[in-house]
Amino acid sequence: MSADPPRTDLPRVVLPRVDLPRVDLHSHAGRCFLAGLPAGHPLVTALGAASVADALRAARAAGMTALCLSVVADFAVLRPDPATGLRAVRDFRSGEAYGDYQRQLAGIREAVAAAGAEVATSPADLDRAGRDGRTALLLGCEGGDFLEGDLRRLEEARAAGLTVLTLVHYRVSEIGDVQTEAPVHDGLSRLGRDVVAECNRLGIVIDCAHASFATTMAVLEASSQPVIISHGQLGYPGTTHPRLMTAAHAAAVAEAGGLIGAWPCGITSGSLADFGTEIIRLTEAVGADRVALGTDLDGNYRPVLTSYDQLPDLAALLQDRGLAPDRVHQILGGNALSLLNGILSSSMAGGNPGGLMSNAVGVALGELEHVQDDHDGHDQAEQGFGQAAGGVPVDGRGRDPGQAHGEDG
């Protein structure tokens, strides 16, 4: 697809740096999921070693206010798949999910220290980093697999700096159903509801990216805090890709006070201008105050945004399309900062026993009756960690790892 012709009748307004928060709700910058792997590991041989410290320095040089570096909890069992892009091909061995989570977390922390950065866990940390001109690093985890059914690990994770939890990823875990596999739990499981409640108690941001429609609706019913979809995009009439959302899906999250992180993936965009169009579509569906940025950097499918240095160009594109400068800066950072500050400040404060059910959730729940689960024959490969067409992972320079996803992956 191509973007509509840009408008040229609007004046370009450049705001001072203090008014330009830039926040990425979902990033794998520097291929952080490889952090901590030994030099001889097949993935390191194929993709190159993780370069998280360099990526963090680049983010700071680009003026990023904050970014969420995400561990991938089911990484050890994922392999390329022609229908979904990535799929869990075996069960975890005992303790494997937790061990690989710890490996990634330790590697990221080492890189953060090497870059002279800090992990932010509170609004005060975010504010201090902004005042000091540093980039605040938030720790996230894509998938709750590392819990291995033990809720106590959430409190341990929060103490270790985790502030964002993507409930599910590609593997169908004990928590809930995912977009790319047939349903097992009819949405959110009983354990999943307990995880939501504990995240609310601890001040952990709940992320419903990769969660099925039914799972997301159940999370909204259960949560006393707003939730995010850290990286997602709207579908088009007639499209069947499982990772794309309906407008009702996005609106339900937004009307419960949450955010949709616009996702610069090759499923819907072939250029940065196309991505601008997709952001505009999101603002039309949920409002500009409910849209944020989730780049999936260094882990995306055919990305059209590969560096934070492209954000000034994206801001200009959005303004040329008719968005006011203050709206642009909301989308690229202000909305995310507001939500993060609100949820992180609620740590240990408890929450309402009920959820944040809105009218939009009710409408969306009604749509569940009309959703047909078709998990076979998808024409496009799902996004993965830098995948090429057909679901084959590549690194940031487009190289095919070939046999890298073998027994040791």
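Sort 94-107, 298-311 by the packing proxy (mean of other Cβ within 10 Å over each peptide's residues), most packed first. Write out the running numbers ahead of the final one.
Working: 94-107: 18.1, 298-311: 20.8.
Sorting 94-107, 298-311 by mean packing, highest first, produces 298-311, 94-107.
Placing a pseudo-label 7 Å from each Cα along the Cα-to-Cβ vector at Ala83 and Thr45 gives an inter-label distance of 3.1 nm. Charge tally around Ser230: other residues with Cβ under 10 Å, Lys/Arg +1 each, Asp/Glu -1 each, net -4.
Most simply put, the stretch 174-328 has about 20% antiparallel DSSP beta bridges, counting only bridges with both residues inside it. Between Ala247 and Arg190, the FRET efficiency estimated from the beta carbon spacing at R0 = 25 angstrom works out to 0.25. Measuring between their Cα centroids, the stretch 107-134 and the stretch 222-284 lie 28 Å from each other. A simple spin-label model places the labels of Ser122 and Asp326 3.1 nm from each other, with each point 7 Å out along Cα-to-Cβ. Working ranking of peptides 127-139, 163-175, 264-276 by packing, defined as the average number of other Cβ atoms within 10 Å per residue, highest first, is 163-175, 264-276, 127-139.
Quick note: the coordinates plus some simple rules give every number you see, no bench work behind them. Source: prediction; values computed, not measured. All Cβ positions, glycine included, derive from the backbone under ideal geometry; neighbour counts span all protein chains shown.
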